[in-house]
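K.L.:
Got a structure for you, questions after.
The values are calculated or read from the model by the stated rules, or taken from the named source; none is laboratory data. What you see is a predicted model, and the numbers here were worked out from it, not measured in a lab. Counting neighbours? That spans all protein chains shown, and the Cβs are built from the backbone with ideal geometry, glycine included. We work out accessible area using only protein heavy atoms, side chains counted, and drop any ligands, DNA or RNA first. Shrake-Rupley method; radii C 1.70, N 1.55, O 1.52, S 1.80 Å.
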Amino acid sequence: MDEEVELQDRVIEVLNVCFANHKSETKAEFAEEIGTNYLQLYRWMSGKTIPRKKALKQICQVCNVDYQTLINVEDNFGKPHKGLSIFSVVSAYE
């Protein structure tokens, strides 16, 4: 459960920073740019829901954020073997 909360916090931070630095003037325009609608963007930015994998990848593309870095909520310095798994490598190429 803690990993889910940490991922949610990261998504909220990425969305807020990306919107602040993006060319879009409104959140509705920004939502369209990342392939969703304003209501769903509001849910993500307020922490009510977490984007699905496809939406996360689109957010990362628009916001110029590495997908694996965003979703890796484990401590890679304390547990470097946890950051590299066959699942994470395969997931990166889906």
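K.L.:
Every residue in region 50-65 that is closer than 14 Å to E13 by Cα and either within 9 Å of the chain's Cα centre (by Cα) or surrounded by 14 or more Cβ atoms within 10 Å (Cβ to Cβ) (or both), please. Let's see the steps before the verdict.
P.N.:
Applying the first criterion (closer than 14 Å to E13 by Cα) to region 50-65 yields 50-51, 56, 59-60, 63-65.
Residues satisfying the conditions are I50, P51, L56, I59, C60, C63, V65.
K.L.:
Continuing with this model, one more query. Among the residues of region 38-74, how many are among the aromatic types (F, W, Y) and modelled with pLDDT under 90?
P.N.:
So the answer is 1.
K.L.:
Just to be sure, is A92 of a type in the set (G, A, S), within 15 Å of the chain's Cα centre (by Cα), open to solvent by less than 60 Å² (accessible area, probe 1.4 Å) and modelled with pLDDT of 85 or more?
P.N.:
On the way: of a type in the set (G, A, S): yes; within 15 Å of the chain's Cα centre (by Cα): yes; open to solvent by less than 60 Å² (accessible area, probe 1.4 Å): yes; modelled with pLDDT of 85 or more: no.
No.
K.L.:
Taking region 1-32 as the region of interest, how many residues are crowded, with 17+ Cβ neighbours inside 10 Å and free of Cβ contacts under 8 Å to residues at least 60 places away in the same chain?
P.N.:
Counting residues in region 1-32 that are crowded, with 17+ Cβ neighbours inside 10 Å and free of Cβ contacts under 8 Å to residues at least 60 places away in the same chain gives 8.
K.L.:
Open to solvent by less than 90 Å² (accessible area, probe 1.4 Å), in a loop (DSSP other than H, G, I, E, B) and within 17 Å of L70 (Cα to Cα) - does that describe any residue in region 34-43?
P.N.:
yes
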